[in-house]
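Peer 1: Provided herewith is a single structure, encoded as structure tokens, for subsequent inquiry.
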Amino acid sequence: MVTRSKHIKINHEFIRELTKLPECENLKNCYQCGACSSYCPSFKYSKVYNPRKIVQDVLVGLKDEILENTNLWFCGVCHACTEQCPQGVELSEILSHIRNLASKIGNIPTHLVSEVKNLLETGQVVPPSSAINRRREKFGLPELPDAPVDEIRTLVKSTGFEDMIRRKIELEKAKEREIMEEAKARMKKMEEKKTEDA
Amino acid sequence: MTKIGLALCDCFGQFAEVIDLDSIEQSMRDSGKFSVILRKDDFCMTSGLESIKQMITENNLEKIVIAACSPKAYETVFRKVIEELGMNKYSSLVMVNLENHVVAVHKEMPKEATKKAKALILAAVAKIEKAESIEKIKIPIQPTTLIIGGGIAGETAAQELTDLGFDVTLVERRPSIGGRMLQLGTVYPTDDCSLCVRSSGYVGFDVGGPRRCFYRGGLGTLDKLEILTNTEVKDVKGQIGNFKVSLEKKPRYVNERCINCHKCAEVCPVEVENSFDFNLTKRKAIYRPFPQSIPPYYVIDPNICLFEKCAKCVEICPTNAINLNEKSEKMEKALGIVIMATGFEEYDASRLNYGYGMFPDVVTQLQLARMLDPTGPSYGEPYRPSNQDMPQKIVMIQCAGSRDETHMPYCSNVCCMIALKHSIMIKEKHPEIDITICYMDIRSVGKNYEEYYRKARELGVVFLRGKPSYVVDDQRTEKILVEVENTLTGEFNILETDLVALSMAMVPSKGSAELAKMLGIELDEYGFIQPLDPKIRPVETNVAGVFATGCTITPMDIPTTMAYSGTASIRAAKLMQSREMEKDKVTAWVNQDICSTCRICEQVCPFSAIEMGVKEDGKLGPAEVLDAKCYACGLCVSACPSAAISFKFYSEEQLKAEISSLLHNGGTDKKIIAFLCDECAYGTADEAGFMGLQYDPSVYIVRVPCISRVDPQLVLSTLQEGADGVLVIGCLKDRCHFLKGSEVGDLRVNLLRLLLNQMGINEERVKMYFVDCAEVNLFTRAVEEMTQTLETIGKLQMQ
Amino acid sequence: MTEYALFLGCMVPNRLPHLEFSFRKILNHLDSNDLVHDISGFGCCPEPIGFPGMDNITFMTLAARNLTVAEEQKLDILTLCTGCFESLKTASVKLKHEPKLLEKVNKHLSKVGREYNGTVEVKHIAQFFYDDIGFEKLKKNVVKHLDNIKVAAHYGCHLLRPSEILAFDDPHNPTKLDELIEATGAKSVMYLRRDYCCGAGTKSLDGNVAAEMVMEKLRQIARVGADCMSVVCPFCFLQFDLGQEMASRAFKDSYDVPYQIPVLYYTQLLGLSFGIDPKEFDFKRHRIKVKPLLEKIDAVAVPAV
Ligand code: SF4
Ligand code: SF4
Ligand code: SF4
Ligand code: SF4
């Protein structure tokens, strides 16, 4: 899935770094059989996301290529790969750790960013709605207690997660701005050209 | 007083470069222990040996201490010499390893070295004084062998042994011998018929020819071979030379009057899956296992036969060969040797995600082998069991259950070759059939094997590198779909196919575990027989006189099996040929008055050498060591809570006397006793000498057969006697010469360390190490670590 | 008897209250209300798919916060959603066995005056019915044997895997939910790809991938002639109910669609066998019509003796 430069030097550092993390030790046992990918529903249907290939890339140390790849997030976290692996590689856990590293450099999909926004605002990923609350009443279901938004905010700050997400949002805004400016510049050029032509 | 002589060697002046031999001689004279002291520098040579003989005869010596080089190198030579003079080779000789324990390793410390040499010689005296004479025992060996399992492995061993003139009883639980090989149809590396076996007798005589058809090979007619089919081993007792075997011969219901007319099967109303064809076909309740079966008669399957409710076959049988009332027959036999040849079966394919059992068109390679057998159900043509059609496409899946931590972690050895063989057979006949082999690695190792791989490619077999995850079917097209990533291209493939053949892992046959239990033999975690040593003794088991061959040890192909069976036969013949086994009684023995019948020794003995006795009233009696099985490791001696078991050689008194003498006469500012097992650990210390490594002279080496002989009590008393530190060094745990010695030793020492802590003694005073003979510096490192510890914690003050 | 704090999560109470209702109804029917308590203070579980991928420690901390809420009341946790189950159970297992992780998490928790001591067990309602309520009690309440219908059980990834942590059932060949279904008298049918994912996890990234997964499952289920599915997770429920309708539309050329396989949350199915009036469950909220199923049941359902 990663497009490679012509000559690749095997870099053992990334795997050393990764295998220090919990559950990642057994990554080295992978013999590249593809039992994981042959099962992975996400690979089967998306064709762009291949868990075995990620392990292969880790084994040869293609750190940047892996972490910058947005397809990482295609994993449905069904853990089937872990159960399939004949070598006891806890693949879904490892992939999760890899996504943690990717997140640190801003590789987080937008739907998760909005999920976090929801969480920080309402304390829940799927927030309540008044229509549903009316339905609850009809069912005679108990009223829902308030979500502990403050505590969640404090914790998220404490772990540094909020910062990470904020950085990501800023990054995105900066990118947006860049795109806008580029577009403006292009418009300007076009107008200039028009006037010139005229 | 016992007359003891001392032979003090100078090894051509080499010892004198370090130690003061005159002073040593003087001290020994002063000790008054020796009637005579002989100093020479060539004891290991003919001249030296002669002088030893002379010293012994001239002085009427009863015992002798030889202070020279390593016993590992010369003990056997010296023992032979004194045995010739009528002395007991165990109780009359002790060697002191001056070369490797003193001279070579304390080069810069002549004073300490000289003192150490003296202490070692005196300890040798202390040890030899307590030595009891060891008698010889003779164990009669009946020249008869029980072979369990009538497949190619067992048959071959049976042929070898009968050719060598021994009587063999071959027991097979199925109704015919022949085993798995006959089901294979065609076999590699010769691509010929699997019925081929080696002929008995000598090539060119009698049954002649290098190989013969199974049923013409003369197996059924060998005078010295008794074949018992439909027979199960129910119990085995006793030891090598005289195993008491209980057998049960199940009724066959058809006797030798049977002329194979097949009339009975025609009228028989019940049908069942034919296991010879791995359930691809059906057979009747009365059937012939396969056309060449030995014995060549029909048989009734009692599980499905309707018996007297039907008895149609009895009516129709023209020779009156059927007796539905036949009963099973119990037999007792006494046999000298046992060979396990119980073979393999395929791992349960339905445990994989490959649709086996769900889709009839998913078969195993053995089922495919039946199809490809020219005498098989389809006369050698592959077909789809669902509709009997010829498949247009075939997918084979390798490592199905093998090399898989969630199933069988090992490689099953033959599956790559079988898949290659089958694909070549199909392609040669039907080039139009597409074959894809899903593999991870193709293992076609060696001459004439890799050639199969090339040939398969030449013929157009496609190799797809990937382990399929799922096999499903497409209802509409009636095709089987194999889902797999081609890991070389990174693409997800759905292979549409008509037939799937699974190269299943090989596992030990059912029932081999129970047999192993009866025989007391060790199995590995997968249920294969654990050879005594996988490298050096591949066909021997932990129980003396019980051998194994074929796939009951590990998955192997036919040529390898032939070689294994040959080796097992030679090993068996070696024991049987002299009709008796002579052994020195260095083995353990039980003082039956003290034995509390706790059964601990019975459980711990790695060689199943201990049996509990039976009292007259039928109650449990004291334990008994079966000498022929005992390897004299000493594990039981130190395990017995009642101290009822002892050794005459390496006896408790001997060890205690030796240690006490060492601690009394030796040592520098500190005293360290190092218990070294007589195998790798002692070898390592020798090696340190050969390499000239230097270490602290306060270490004294005490030889024990195995570190499992070192019980906590002995270590404690060593500390009490004045040792500041104790080293216990044995072989690597998984390479212990006595199988479990190092493991048990480790447990014991750890326990002891706990105990020491409770007693207020620093547990670091006892250290344990495991070595491989070649790890020279481990011994010196152990000494260094101990001396360092002692430097920090000081001498031991015992209350 | 172990007592539980009911962890509702977000999807069930905020989008699918009729599933919550069915559980409470059953609990009431079994007279087991005192086993399950509503307590306040729970927050997002957080969801086990995207969240741990962003930051594992934050994930653990937020999950542990929920555990402390139950711990304070000396209760174990019961979940209605397999997602909540995986998140909370993973946290409880890992925090129990990795003291270093617990220490880290507790450092963060101390900022909100909390500390987790590792005492809370987490259960999903399937396990609750299997172990705590038990078959005897379930069967005693069955008044309407559902003999006439074939049910396809969908366990859901997050109930089964990773099996080493969740330890609910054999991940390759689970049987517990089937047994629970059969307690109603219905036949639980085997089908291919029982362990396949519903696809909910990939929906946000690529609706097509998710739809393909739904279709693959439905194809196998339809093939064995199942009359309905039974699920134990609101996400799976949505995927198969609403998702079935949408996927059927999307794949109208390549499959024998539209499929019409009703999807019942396990406690709804149980409720039918308990003789609870189907009207109470508000089945009209389901996108795939349940009515034909109800008719089929009533066609021959025999009162249990
Ligand atoms: S957990 Fe992710 S990578 Fe593993 S099989 Fe499921 S979707 Fe594929
Ligand atoms: S299944 Fe395991 S061994 Fe095979 S490629 Fe995937 S991670 Fe590697
Ligand atoms: S037993 Fe009967 S059927 Fe069989 S061979 Fe003899 S006669 Fe024929
Ligand atoms: S000395 Fe060893 S082999 Fe002999 S009986 Fe005791 S434990 Fe068994």
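Peer 1: So A:Lys28 clears everything in (1) more than 13 Å from chain C (Cβ to nearest Cβ); (2) farther than 28 Å from C:Ile57 by Cβ except one condition, right? Which one?
Peer 2: For A:Lys28, the exception is condition (2).
Peer 1: Something else: Pull out all pairs, ordered by first then second residue, where Cβ-Cβ is under 7 Å, the residues are six or more apart or on different chains, the first lies in the stretch B:403-420 and is within 14 Å of another protein chain (Cβ to nearest Cβ), and the second is among the basic types (Lys, Arg) and not in a helix (DSSP H, G or I).
Peer 2: Correct list of pairs: B:Pro409/B:Arg403; B:Cys411/B:Arg403; B:Cys411/B:Arg443.
Peer 1: Please return the ranges of helices (runs of 4 or more DSSP H) entirely within the stretch B:604-714 where 1 or more residues are in contact with a Leu (Cβ under 6 Å, 6 or more places away or on another chain). Can you show your working first?
Peer 2: On the way: elements: B:635-639, B:652-665, B:680-690.
It comes to B:652-665, B:680-690.
Peer 1: How many of the residues in the stretch A:59-90 are outside any helix (DSSP H, G or I), more than 9 Å from ligand 1 (Cβ to nearest atom) and at the interface with another protein chain (Cβ under 9 Å from one of its Cβ atoms)? Break it down stepwise before answering.
Peer 2: Step one: filter the stretch A:59-90 for residues outside any helix (DSSP H, G or I), giving A:61-62, A:69, A:75-79, A:85-90.
So of that shortlist, the ones also more than 9 Å from ligand 1 (Cβ to nearest atom) come out as A:61-62, A:69, A:85-90.
From what is left, the residues that are at the interface with another protein chain (Cβ under 9 Å from one of its Cβ atoms) are A:85-88, A:90.
Residues that pass the stated criteria total 5.
Peer 1: Can you name the residue in the stretch A:28-58 that is out of contact with any strand residue (DSSP E or B) (no Cβ under 7 Å at 6 or more places or on another chain) and of a type in the set (Phe, Trp, Tyr) and is also nearest to ligand 1 (Cβ to nearest atom) among such residues?
Peer 2: A:Tyr49
Peer 1: Among the residues of the stretch A:98-111, count how many are touching a helix residue (DSSP H, G or I) at 6+ places or on another chain (Cβ under 7 Å) and facing another protein chain (nearest Cβ under 7 Å).
Peer 2: Residues in the stretch A:98-111 being touching a helix residue (DSSP H, G or I) at 6+ places or on another chain (Cβ under 7 Å) and facing another protein chain (nearest Cβ under 7 Å): 5 in total.
Peer 1: Quick test for you: out of B:Ile494, B:Ile480, pick the one residue that is within 14 Å of chain A (Cβ to nearest Cβ) and farther than 20 Å from B:Ala153 by Cβ.
Peer 2: Criteria check complete, one pass: B:Ile494.
Peer 1: What residue, of B:Glu266, B:Glu256, B:Glu248, is part of a strand (DSSP E or B) and open to solvent by 20 Å² or more (accessible area, probe 1.4 Å)?
Peer 2: On the way: B:Glu266 fails: part of a strand (DSSP E or B); B:Glu256 fails: part of a strand (DSSP E or B).
Going through B:Glu266, B:Glu256, B:Glu248 in turn, the sole match is B:Glu248.
Peer 1: Which residue is least open to solvent (accessible area, probe 1.4 Å), if the candidates are limited to the stretch A:5-32 and must be among the acidic types (Asp, Glu) and free of Cβ contacts under 8 Å to residues at least 60 places away in the same chain? Steps first, please.
Peer 2: Initial filter on the stretch A:5-32 (among the acidic types (Asp, Glu)): A:13, A:17, A:23, A:25.
Going one step further and asking which of them are free of Cβ contacts under 8 Å to residues at least 60 places away in the same chain, we end up with A:13, A:17, A:25.
Numbers: A:Glu13: 103, A:Glu17: 75, A:Glu25: 105 Å².
Looking at residues that are among the acidic types (Asp, Glu) and free of Cβ contacts under 8 Å to residues at least 60 places away in the same chain, I get A:Glu17.
Peer 1: Restricting to the stretch C:44-83, count the residues that are within 12 Å of another protein chain (Cβ to nearest Cβ), open to solvent by 10 Å² or more (accessible area, probe 1.4 Å) and among the aliphatic types (A, V, I, L, M).
Peer 2: Counting residues in the stretch C:44-83 that are within 12 Å of another protein chain (Cβ to nearest Cβ), open to solvent by 10 Å² or more (accessible area, probe 1.4 Å) and among the aliphatic types (A, V, I, L, M) gives 2.
Peer 1: Let me ask something else. If you go through the stretch B:499-511 one residue at a time, how many are at pLDDT 95 or above and touching a Ser or Thr at 6+ places or on another chain (Cβ under 9 Å)?
Peer 2: Let us first name the residues in the stretch B:499-511 that are at pLDDT 95 or above, namely B:499-509.
Keeping just the survivors that are touching a Ser or Thr at 6+ places or on another chain (Cβ under 9 Å) gives B:501-509.
Number of matching residues: 9.
Peer 1: Do any helices (runs of 4 or more DSSP H) entirely within the stretch C:132-220 hold 3 or more residues that are farther than 19 Å from B:Asn353 by Cα and open to solvent by less than 20 Å² (accessible area, probe 1.4 Å), and if so, which? First the steps, then the outcome.
Peer 2: Details: elements: C:134-141, C:157-160, C:163-166, C:176-182, C:200-203.
Those helices (runs of 4 or more DSSP H) span C:176-182.
Peer 1: Then there's this: Consider the stretch B:639-651. How many of its residues are within 20 Å of B:Lys130 (Cα to Cα) and near ligand 4 (Cβ under 9 Å from one of its atoms)?
Peer 2: Filtering the stretch B:639-651 for residues within 20 Å of B:Lys130 (Cα to Cα) gives B:643-651.
Of the ones still in play, those that are also near ligand 4 (Cβ under 9 Å from one of its atoms) are B:645, B:647.
Total satisfying the criteria: 2.
Peer 1: Given the conditions (1) away from chain A (no Cβ under 12 Å); (2) under 23 Å from the mean Cα position of the chain (by Cα), which single one is not true for C:Glu86?
Peer 2: (1)
Peer 1: Could you name every one of the helices (runs of 4 or more DSSP H) located completely within the stretch A:91-171 that has at least 1 residues being touching a residue at least 12 places away in the same chain (Cβ under 8 Å), under 30 Å from C:Asp282 (Cβ atoms) and away from ligand 1 (no atom under 16 Å from the Cβ)? Full working, then the answer.
Peer 2: Numbers: elements: A:91-104, A:110-122, A:130-139, A:149-158.
Passing ranges, in order: A:110-122.
Peer 1: Still on this structure: Inspect all residues belonging to the stretch A:166-184 and state whether any of them is touching a Gly at 6+ places or on another chain (Cβ under 9 Å) and away from chain C (no Cβ under 14 Å). Reasoning before the result, please.
Peer 2: As a first pass, look at the stretch A:166-184 and keep what is touching a Gly at 6+ places or on another chain (Cβ under 9 Å): A:167-168, A:171-172.
So of that shortlist, the ones also away from chain C (no Cβ under 14 Å) come out as A:171-172.
Within the stretch A:166-184, one or more residues are touching a Gly at 6+ places or on another chain (Cβ under 9 Å) and away from chain C (no Cβ under 14 Å).
Peer 1: Quick check on B:Ile594: is it farther than 30 Å from B:Thr541 by Cα and modelled with pLDDT of 95 or more?
Peer 2: Numbers: farther than 30 Å from B:Thr541 by Cα: yes; modelled with pLDDT of 95 or more: no.
In short, no.
Peer 1: Taking A:Val55 as meeting all but one of (1) open to solvent by 20 Å² or more (accessible area, probe 1.4 Å); (2) more than 7 Å from every other protein chain (Cβ to nearest Cβ), write down the number of the exception.
Peer 2: Among (1) open to solvent by 20 Å² or more (accessible area, probe 1.4 Å); (2) more than 7 Å from every other protein chain (Cβ to nearest Cβ), the lone unmet condition for A:Val55 is (1).
Peer 1: Look at A:Ile15 and say whether it is in contact with a Gly (Cβ under 8 Å, 6 or more places away or on another chain) and away from chain B (no Cβ under 12 Å).
Peer 2: Details: in contact with a Gly (Cβ under 8 Å, 6 or more places away or on another chain): yes; away from chain B (no Cβ under 12 Å): yes.
For A:Ile15, the condition - in contact with a Gly (Cβ under 8 Å, 6 or more places away or on another chain) and away from chain B (no Cβ under 12 Å) - is met.
Peer 1: Counting only residues that are among the charged types (D, E, K, R) and not in a loop (DSSP other than H, G, I, E, B), which one in the stretch C:221-262 is most open to solvent (accessible area, probe 1.4 Å)? Before the answer, list the steps.
Peer 2: First pass over the stretch C:221-262, keeping only residues among the charged types (D, E, K, R): C:223, C:227, C:241, C:245, C:249, C:252-253, C:256.
Pick out the ones that are also not in a loop (DSSP other than H, G, I, E, B) and you get C:223, C:241, C:245, C:249.
Values: C:Arg223: 76, C:Asp241: 4, C:Glu245: 52, C:Arg249: 146 Å².
By that ranking, first place goes to C:Arg249.
Peer 1: Right, something else. Restricting to the stretch C:7-43, what's the tally of residues that are assigned to a loop (DSSP other than H, G, I, E, B) and within 12 Å of chain A (Cβ to nearest Cβ)? It would help to see each step written out before you state the result.
Peer 2: Pass one, the stretch C:7-43, residues assigned to a loop (DSSP other than H, G, I, E, B): C:8-10, C:16, C:30-32, C:38-43.
Next, only the ones that are within 12 Å of chain A (Cβ to nearest Cβ) stay: C:8-10, C:16, C:38-43.
Selection size over the stretch C:7-43: 10.
Peer 1: For the stretch A:69-82, name all the residues that are near ligand 2 (Cβ under 10 Å from one of its atoms) and open to solvent by 20 Å² or more (accessible area, probe 1.4 Å).
Peer 2: The one that is near ligand 2 (Cβ under 10 Å from one of its atoms) and open to solvent by 20 Å² or more (accessible area, probe 1.4 Å): A:Thr82.
Peer 1: When the stretch B:376-419 is examined, which residues are found to be out of contact with any helix residue (DSSP H, G or I) (no Cβ under 7 Å at 6 or more places or on another chain) and among the polar types (S, T, N, Q)?
Peer 2: The answer is B:Ser386, B:Asn387, B:Gln388, B:Gln392, B:Thr406, B:Ser412, B:Asn413.
Peer 1: I've got another one for you. Can you spot a residue in the stretch B:297-308 that is more than 14 Å from every other protein chain (Cβ to nearest Cβ), open to solvent by 30 Å² or more (accessible area, probe 1.4 Å) and in a helix (DSSP H, G or I)?
Peer 2: yes
Peer 1: Can you list the strands (runs of 3 or more DSSP E) lying wholly within the stretch B:45-143 that have 2 or more residues being surrounded by 21 or more Cβ atoms within 10 Å (Cβ to Cβ)?
Peer 2: Values: elements: B:63-67, B:93-96, B:136-140.
Qualifying strands (runs of 3 or more DSSP E): B:63-67, B:93-96.
The values are calculated or read from the model by the stated rules, or taken from the named source; none is laboratory data. No experiment lies behind these values; they were computed from the predicted model shown. Heads up, the Cβs are rebuilt from the backbone with ideal geometry, glycines too, and the neighbour counts pull from every protein chain shown. The area values use the complete protein model at the heavy-atom level, side chains included, leaving out ligands, DNA and RNA. Shrake-Rupley method; radii C 1.70, N 1.55, O 1.52, S 1.80 Å.
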